[in-house]
1. Ranked highest first by average number of other Cβ atoms within 10 Å, how do 86-95, 70-79, 342-351, 511-520 line up?
2. What is the percent carbon and sulfur in the accessible area of the chain, measuring with a 1.4 Å probe over the protein chains and ignoring ligands?
3. Quick check: the distance between the Cα centres of segment 472-532 and segment 88-102, to the nearest angstrom?
4. Sort largest first and round to whole Å: the equivalent ellipsoid semi-axes of segment 32-211, each the square root of five times a Cα gyration tensor eigenvalue.
5. Just to confirm the filter: which GluC sites (Glu not before Pro) across segment 180-263 are DSSP coil and have at most 10 other Cβ within 10 angstrom of their Cβ?
6. What full-extension length gain, to one decimal in nm, is calculated for Thr166 and Asn300 as 0.36 nm per residue of separation minus the Cα-Cα distance?
7. First check a/c for segment 449-549, with a ≥ b ≥ c the square roots of the eigenvalues of its C-alpha gyration tensor; if it is under 1.5, answer rounded, and if not, answer prolate when a/b is larger than b/c or oblate otherwise.
8. Mind checking the alpha-carbon convex hull of segment 256-401 and giving the volume per residue in Å³?
Amino acid sequence: MKIKYSLLLLLQILVPQIIHSQVDIINNVYNRNPFSLNGEWHYIIDPYENGYFNYRYQPFDTFDNPGKGAFFTDAKPDNKSDLVEYNFDKSDIINIPGDWNSQDEKLLYYEGTIWYKKSFDYKKQRKTNKIFIYFDAVNYQADVYFNGKKIGIHIGGFTPFNFEITDLIKDKDNFLIVKVDNKRKKEAVPTLNTDWWNYGGITRDVRIIETPQNFIQDYFVQLDKENSKIVKGFVKLKGNEISNNEVEIRIPDLGVNKKFKTDKKGVVEFNFETTNVNYWSPENPKLYNVELKTSEDQVNDLIGFRSIKTEGTSILLNDKKIFLKGISIHEENPIKGGRAYSKEDAELLLGWAKELGCNFVRLAHYPHNENMIRIADKLGILVWEEIPVYWTIDWENKETYQNALNQLSEVISRDKNRAATIIWSVSNETPNSDARFTFLSNLAQTARQLDQTRLISSALEVSNFDNDPNLKTIHDPFAAVVDVLSFNAYVGWYDGLPDKCKKVNWKIDIDKPVIISEFGGGAKYGFHADSLTRWSEEYQEYLYKENIKMFERLPQLTGMTPWILSDFRSPRRVLPGIQNGWNRKGLFDNKGNRKKASHVLQNYYNSKN
Ligand code: GCB
């Protein structure tokens, strides 16, 4: 076991050459004058997948002539005798974006397949342009059909994907049909067991994107991690004539105007010196207008420049030590109910975090929507992003690994230009084993290849040192791989009562910064009792006071993201009268009321500079 670990560690240290994302996502679609397909869609609930399989359980979409049972063809009876047993246009309507669970009471607990249909006319902006359908996210598997043809499948509920439809789109009567399946599976990412609601459906925006024939598909414009005077990155074109194209990079406010030529693969790797950069930070979230131009295409983005690194047990933002005053957040708008997706949702959640005095958020346990990161960029909130490698992942399964890798690559591809994002977390509370070490180390290695500017972490678990229940440590070989050590610890909730914090000490002999990625306890807003009564606001308040004091005794402490900003839905939480399907560890309840513990955290953060 030891030899294998050191070999992998060596590989981590050597960090092989940079790779550009293998995923084909068009970057920054906001900027391409998209045509929105949001709004009302028809839907059919199909628990037996009757519209997908024939009665011999063969998928209709594998036949040249699928017949009238196949939902993706949107068949209509040819005459009054014709048999067609579905009708999208007479089926119910649902809003997209939006999970299905919070839109229809009978779907609250539904896990399975739902078919969606949207019809639309479309006028191309330019005849020669390419057309794509871009989904911000669909949970969990999307089988996508356009004008009666299958155009692709996407697996993973929290990252974007796009398919080209240039040859299929018409001026009139286009129909997009999406089969969405959110059944939980052992080999999936996440796996069967999670502590959050499995919101299904087309949960984020859907858009049509037009691009020129040869277009800027991807780009990476960030400061060099080691030298804050250098801007570094790449621009990647897509199309048939992409080699030896001129790419212009302009940052008007910095007086930057550079021209480069693409290589045979349509890629430009660049670096150039800049002076007088007004560095992005929580106090000064300065974003620069960056323009990328080719003879055919132009993309503008607002990009902040900052550096993030570790030095011994410190985290340095722009070469200065920073304490990360954080909070964990689920992607849920508790007041409205359901998955959060909009700018307004992001403003609400990040606004609450700001109210608590946070400069940092942990977006748990999967990639949140792009609005969250873009608003964090504007508000000056640092972000930890995560993929749903959670609890009991199927470590030995190659497809599971590929799936996790894909989700990681997709979120890095989407957010690599956001100054706010400083940490990629590759897992949460996963049990130690050889297979898990290999799985996670390979993910970390890929993250470093895709993005050399950010830090890698993972929410690890704690163990007792020398079997002493009051002396805690991290005993996990993956601790050697991450840049920032993070762990979840529930002293006072799952581990003793809050008083136990007085006795507990930490012994971590690793020269790395430590973030407490979770601590907390449940409280029902408005339930008042003494500090020994579970579920009372006073218990949670006391637990926060004691935990903070305990963690202040940890010399490497560089930040924390207590669990959690607000109460969130979880089917695991069934206690009547208290939980009723909600995890109550929020500092805000599901109506936006602040619990007493929120003031403890706020006071603590206000006391830290
Ligand atoms: C954890 C998990 C988190 C749970 C939380 C809890 O350690 O990481 O997803 O929701 O505990 O409330 O038990």
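The values are calculated or read from the model by the stated rules, or taken from the named source; none is laboratory data. Because the structure is a prediction, the values reported are computed rather than measured. Cβ atoms come from the backbone with ideal geometry, glycine included; neighbour counts cover every protein chain shown. Areas reflect the complete protein model, heavy atoms only, side chains present, ligands, DNA and RNA absent. Shrake-Rupley method; radii C 1.70, N 1.55, O 1.52, S 1.80 Å.
1. In decreasing order of mean packing, 86-95, 70-79, 342-351, 511-520 become 511-520, 342-351, 70-79, 86-95.
2. 48
3. 41
4. They are 25, 22, 15 Å, listed from largest to smallest.
5. The qualifying sites: there are none.
6. Full extension of this stretch gives 45.9 nm more.
7. Oblate, because a/c is 1.5 or more while a/b does not exceed b/c.
8. So the per-residue Cα hull volume is 212 Å³.
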